[in-house]
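These notes are about the structure you will find just below.
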Amino acid sequence: MLIHVLNGLVYGGLLYLVAVGLVLIFGLRQVVNFAHGSLFMLGAYVAYATIAIAGFWIGLLAAAIVLALLGLLLDRTVFRQLQDQDPIVTVLVTFGLLLVLEDFVRTVWGRDNLTVAVPQLLQGTVDIAGASFPIYRLFVIAAAAVIGAGLTIWLKTSRVGLYVRAFAADPVTTGMQGVDTERVSASVVAVGAGLAGLSGAIASPLLALSPAMGGSILIESFIVVVVGGFGSFSGAFVAALVIGQLQNFGIVFVPSIASMVPFLLMMAILIYRPEGLAGKAS
Amino acid sequence: MSLLAFRDVDSFYGRAQVLRGVSFEIGAGERVAILGRNGVGKTTVVNTFLGIASLGKGEITLAGKPSGRIRNYTAARAGISVVPQGRRIIGALSVKENLVLGSAVDRKGSWTLERVFNLFPILRERQDTSGTALSGGQQQMLAIGRALMANPALLVLDEPSEGLAPVIIDELADVFVRLAGEGTSLLLIEQHISLVRRVAQTYHMLSKGAVVESGTLAELTDEQLKRHVAV
Ligand SMILES: Nc1ncnc2c1ncn2[C@@H]1O[C@H](COP(=O)(O)OP(=O)(O)OP(=O)(O)O)[C@@H](O)[C@H]1O
Ligand SMILES: [Mg+2]
């Protein structure tokens, strides 16, 4: 039982790190980024390539940094231009970006599944309540918790965090206080993309790497964002944990409909509580 | 030195023109009012130097320098702080965070969180509540405090009396007079004429997006007021 909860936490933690990037990019650029799952995928591949040369930890770092830089580039060339566009345009453009990134990875690394080994330090299992549980999975839970907490502290206590929250609530007023909102937005998109890359790297030993691997995490993190109430960080946190658990218990107890459960939850939320779990009822 | 000057400014929202050839200038230590009926373009004057409305023909100088391309931070960094119409307090932030947001430009000066709290003690008491949980008058104090946190050379007040009780308006008038006494220049946009007469020295009357009269408040007659402002 506890093992299932832990497995749910592994998935929920990764979902949170991806979903929070979507929330940030939507909050500041009003862009729903369909390419976000591809950033996760690209992070896993960057980690794969770097780990082969420089080892696991440098691989994680490289994935975060490369994807953050790509985030800056995308913000300048794509998201900034899209921020005042019709939502349908942003969907089409970021969906196109998804295809471009997948093709890029297919060209560089091929279409075969690749695997990343668990680092020496984190191999093996531990006994938890009589069952064995991989140490690497515990590491994923801990990493997601630390990164999530760090992000929250950054948003709540730093000056840039204050600008980010202010800008997400009222860009015009934030701008007239003298905040360089373009710069704040660019750094936040970089953070969101970097987090997606980092979570792809962290997940890489658990998954088979393929150019299409971003698809399911994208959809599930969209569900997290919707269930959490669009644009809410705490809502996304709760929703990621709930969906991680649902997904996992679903696979264990009702495998035939497990993949539907998150969609059912999203539909129920959209119909009966469209402001999301954390949103205020209007 | 000129803190803010408009020279023959035309200004637009999209393709809709609002300001037509507006010129005025505010120097250090001056207290200037912009008057006019609802919808004549008073707020648009502010929105133009904030970059919210777009500048067509004409020139704006901020702190004596041509504005160039106006970015959202241009005016604030040139020492111009705005207390916007409707106050625009951010409810997602606490009272204290709203104030800290005001210090984003990092200009030197004597205004600190502590000094703003001394000016408006209620803000100290309620510093951890949401900015929009305050009453209208308190929110106006917060908006003024937020603007002061930037240590402005010129404080722009867009209809600060709107929706407030007469006693609060009197209190705010005292604050404005005090700020002026300390050397802060003021641009006051108001329809509450007794507030204007207490605070400002000179005025520009706007009508249909153009300045139709300028002068000192001492010379401004009730007759002229009736013609251009609903009293
Ligand atoms: N953001 C905007 N986009 C388009 N048109 C606008 C915008 N803001 C104002 N307008 C229009 O510009 C004109 C001038 O508006 P403005 O807000 O400057 O008037 P005002 O003198 O400040 O009025 P009030 O006393 O009611 O505040 C009005 O016709 C208004 O409808
Ligand atoms: Mg107005």
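The values are calculated or read from the model by the stated rules, or taken from the named source; none is laboratory data. As the structure is a computational prediction, the values presented were derived from the model and not from experiment. Positions of Cβ are generated from backbone atoms using ideal geometry, with glycine treated the same way; all protein chains shown enter the neighbour counts. Protein only, heavy atoms only, side chains kept; ligands, DNA and RNA dropped before computing areas. Shrake-Rupley method; radii C 1.70, N 1.55, O 1.52, S 1.80 Å.
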Seminar exercise, completed: Of the candidates A:208, A:193, the one satisfying the condition of being open to solvent by 40 Å² or more (accessible area, probe 1.4 Å), more than 11 Å from every other protein chain (Cβ to nearest Cβ) and in contact (Cβ under 8 Å) with a residue 60 or more places away in the chain is A:208
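Just checking, does region A:272-281 include any residue being acidic (Asp, Glu) and more than 22 Å from residue A:149 (Cα to Cα)?
So the first thing to find is which residues in region A:272-281 are acidic (Asp, Glu), and the list is A:275.
Going one step further and asking which of them are more than 22 Å from residue A:149 (Cα to Cα), we end up with A:275.
Yes; the residues of region A:272-281 include at least one that is acidic (Asp, Glu) and more than 22 Å from residue A:149 (Cα to Cα).
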Exercise. Out of all the residues in region B:3-13, is one or more within 14 Å of chain A (Cβ to nearest Cβ), within 14 Å of ligand 1 (Cβ to nearest atom) and either over 20 Å from residue B:180 (Cβ atoms) or surrounded by fewer than 23 Cβ atoms within 10 Å (Cβ to Cβ) (or both)?
Worked result: yes
Seminar exercise, completed: Those residues of region B:174-191 which are within 16 Å of ligand 1 (Cβ to nearest atom) and either within 17 Å of residue B:27 (Cα to Cα) or open to solvent by 10 Å² or more (accessible area, probe 1.4 Å) (or both) amount to B:187, B:188, B:189, B:191
Seminar exercise, completed: Within region B:123-143, residues open to solvent by less than 20 Å² (accessible area, probe 1.4 Å) and farther than 16 Å from residue B:97 by Cβ come out as B:137, B:140
For this session: Say whether the condition of being open to solvent by less than 10 Å² (accessible area, probe 1.4 Å) and within 22 Å of residue A:34 (Cβ to Cβ) is met by at least one residue in region A:247-255.
Result: no
For this session: Select from region B:77-106 the residues that are open to solvent by 50 Å² or more (accessible area, probe 1.4 Å) and within 11 Å of chain A (Cβ to nearest Cβ) and write down the one among them that is nearest to ligand 1 (Cβ to nearest atom).
Result: B:86
Exercise. Quick check: is even one residue across region B:149-157 assigned to a strand (DSSP E or B), within 16 Å of ligand 2 (Cβ to nearest atom) and either touching a strand residue (DSSP E or B) at 6+ places or on another chain (Cβ under 8 Å) or within 14 Å of chain A (Cβ to nearest Cβ) (or both)?
Worked result: yes
Exercise. Which condition breaks for residue A:46 when tested against (1) farther than 16 Å from residue A:203 by Cα; (2) modelled with pLDDT of 95 or more?
Worked result: (1)
Seminar exercise, completed: In region B:9-44, anything on the phi > 0 side of the Ramachandran plot and either within 16 Å of ligand 2 (Cβ to nearest atom) or assigned to a loop (DSSP other than H, G, I, E, B) (or both) is listed as B:14, B:29, B:36, B:39, B:41
Exercise. Yes or no: residue B:209 out of contact with any strand residue (DSSP E or B) (no Cβ under 7 Å at 6 or more places or on another chain) and either under 21 Å from residue B:28 (Cβ atoms) or within 16 Å of ligand 2 (Cβ to nearest atom) (or both)?
Worked result: no
Problem set entry | Identity of the residue in region A:1-34, open to solvent by less than 10 Å² (accessible area, probe 1.4 Å) and outside any helix (DSSP H, G or I), that ends up nearest to residue A:133 (Cα to Cα) | A:33
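Find the residue count for region B:201-229, including only residues that are assigned to a strand (DSSP E or B) and within 16 Å of ligand 1 (Cβ to nearest atom). Spell out how you get there, then give the answer.
Applying the first criterion (assigned to a strand (DSSP E or B)) to region B:201-229 yields B:202-207, B:210-216.
Next, only the ones that are within 16 Å of ligand 1 (Cβ to nearest atom) stay: B:203-207, B:210-213.
Number of matching residues: 9.
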For this session: Output the number of the condition that residue B:171 fails; it satisfies all remaining conditions of (1) in contact with a helix residue (DSSP H, G or I) (Cβ under 7 Å, 6 or more places away or on another chain); (2) open to solvent by 60 Å² or more (accessible area, probe 1.4 Å).
Result: (1)
For this session: Just give me the residues in region A:143-181 being away from every other protein chain (no Cβ under 14 Å), surrounded by 12 or more Cβ atoms within 10 Å (Cβ to Cβ) and among the hydrophobic types (A, V, I, L, M, F, W, C), in sequence order.
Result: A:143, A:144, A:145, A:147, A:151, A:154
Exercise. Touching a residue at least 60 places away in the same chain (Cβ under 8 Å), more than 15 Å from ligand 1 (Cβ to nearest atom) and of a type in the set (A, V, I, L, M) - does that describe any residue in region B:38-60?
Worked result: no
Seminar exercise, completed: Screening B:36, B:131, B:109 for residues that are under 18 Å from residue B:186 (Cβ atoms) and within 14 Å of another protein chain (Cβ to nearest Cβ) leaves only B:109
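Tally the residues that are under 20 Å from residue B:105 (Cα atoms), in a loop (DSSP other than H, G, I, E, B) and within 16 Å of ligand 2 (Cβ to nearest atom), restricting the search to region B:45-76. Spell out the reasoning first.
Pass one, region B:45-76, residues under 20 Å from residue B:105 (Cα atoms): B:46-52, B:61-76.
Of the ones still in play, those that are also in a loop (DSSP other than H, G, I, E, B) are B:50-52, B:63-64, B:67-73.
Filter once more, keeping what is within 16 Å of ligand 2 (Cβ to nearest atom): B:50, B:52.
The total comes to 2.
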Exercise. Can residue B:161 be described as open to solvent by less than 70 Å² (accessible area, probe 1.4 Å) and within 16 Å of ligand 2 (Cβ to nearest atom)?
Worked result: yes
For this session: Read through the list (1) modelled with pLDDT under 95; (2) over 29 Å from residue B:92 (Cβ atoms); (3) open to solvent by 30 Å² or more (accessible area, probe 1.4 Å), then give the number of the only condition that residue B:217 fails.
Result: (3)
Problem set entry | Residue that is surrounded by the fewest Cβ atoms within 10 Å (Cβ to Cβ) [pool: residues in region B:107-122 that are closer than 17 Å to residue B:77 by Cα and charged (D, E, K, R)] | B:108
For this session: May I ask you to verify whether residue A:184 is among the hydrophobic types (A, V, I, L, M, F, W, C) and either more than 28 Å from residue A:215 (Cβ to Cβ) or within 14 Å of another protein chain (Cβ to nearest Cβ) (or both)?
Result: yes
Problem set entry | Top-ranked residue in region B:158-173 [being away from ligand 1 (no atom under 16 Å from the Cβ) and of a type in the set (D, E, K, R); ranked as nearest to the other protein chains (Cβ to nearest Cβ)] | B:171
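Starting from residues that are in contact with a strand residue (DSSP E or B) (Cβ under 6 Å, 6 or more places away or on another chain) and of a type in the set (A, V, I, L, M), keep the ones in region B:76-114 and report whichever is farthest from residue B:4 (Cα to Cα). Steps first, please.
Quick first cut of region B:76-114, residues in contact with a strand residue (DSSP E or B) (Cβ under 6 Å, 6 or more places away or on another chain) only: B:78, B:80-85, B:91.
Checking which are of a type in the set (A, V, I, L, M) leaves us with B:78, B:80, B:82-83.
Numbers: B:78: 9, B:80: 8, B:82: 13, B:83: 16 Å.
Here the residue is B:83.
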